[in-house]
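Let me begin by presenting the structure, written as structure tokens, before commenting on it.
The values are calculated or read from the model by the stated rules, or taken from the named source; none is laboratory data. Only a predicted model underlies this, so the values are computations on that prediction, with no experimental measurement involved. The area values use the complete protein model at the heavy-atom level, side chains included, leaving out ligands, DNA and RNA. Shrake-Rupley method; radii C 1.70, N 1.55, O 1.52, S 1.80 Å.
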Amino acid sequence: MTALLDPDRIAMVAKGVSAIVASRDATMRPSIMRAVGSHISADGSEVTVYLRHSQSGQLLQDIATTGEIAVVFSEPSTHRTLQLKARQATQRPAHGDDLPVLQAYLQSMVHEVGQVGYGPVYVAAMLVAPLEDVVAVTFTPVTAFDQTPGPRAGAELPASPKPRP
């Protein structure tokens, strides 16, 4: 059995870094939006990104139609960037159990974006959303790419063996 992501990349996503979500329609026209939150399972096998329905109509429609999703996770202070792709994303309305995830993500982004000179008011303007306007999109990554600027940008990450229990 193999793991798509190593513990270091899982930790980067788990701490809450910038997340940009994309998909495409049947004619290959792209749709894109900034996530207002994200969560990754401890083993990296399941990722959830949160989108504002009021701002992401086309993107959510494209994901529902194609199942395809690509998410770029980037650490603002270093530009360290990871792209994950999947073919079977699912959607559901956000609910009360998602609030701690969204609040933790907001606090992490206040810290992350603060390192490059933007304050909490700026981050809140980007990320605060009423829960009734938030949709959770969950997927199992099938491919991962190093998108950090530099000589390896665009390189697919090899799967690594999962440790045996």
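Normalised by the residues of the chain, what does the relative contact order come to in percent, with Cα pairs under 8 Å and at least six apart? Show your work: numbers first, answer last.
On the way: 351 pairs, mean separation 48.4, N = 165.
Relative contact order for the chain comes out at 29 percent.
Taking 0.36 nm per residue of sequence separation and subtracting the Cα-Cα distance, how much length would be gained by fully extending the chain between residue 77 and residue 27, in nm to one decimal?
On the way: separation 50, 0.36 × 50 = 18.00 nm, distance 3.57 nm.
Additional length available on full extension: 14.4 nm.
Let me test this: with uniform point scatterers at the alpha carbons of segment 1-128, what is the Debye-based log₁₀ I(q)/I(0) at q = 0.10, 0.19, 0.23 1/Å? Cα-only, vacuum Debye calculation for segment 1-128: -0.31, -1.12, -1.48.
Using a 1.4 angstrom probe on heavy atoms only, work out the carbon and sulfur share of the accessible area of segment 58-145 in %.
Here carbon and sulfur together make up 56 percent of the probe-accessible area.
A full extension of the chain between residue 125 and residue 140 corresponds to an added length of 2.5 nm, given 0.36 nm per residue minus the alpha carbon distance. Inter-part distance, segment 1-71 to segment 94-130, computed on C-alpha centroids, equals 17 Å. Under 5 Å from the amide H of residue 3 lie the amide H atoms of 160, 162, each residue being 5 or more positions distant or on a separate chain, with H modelled from the backbone and absent for Pro and chain starts.
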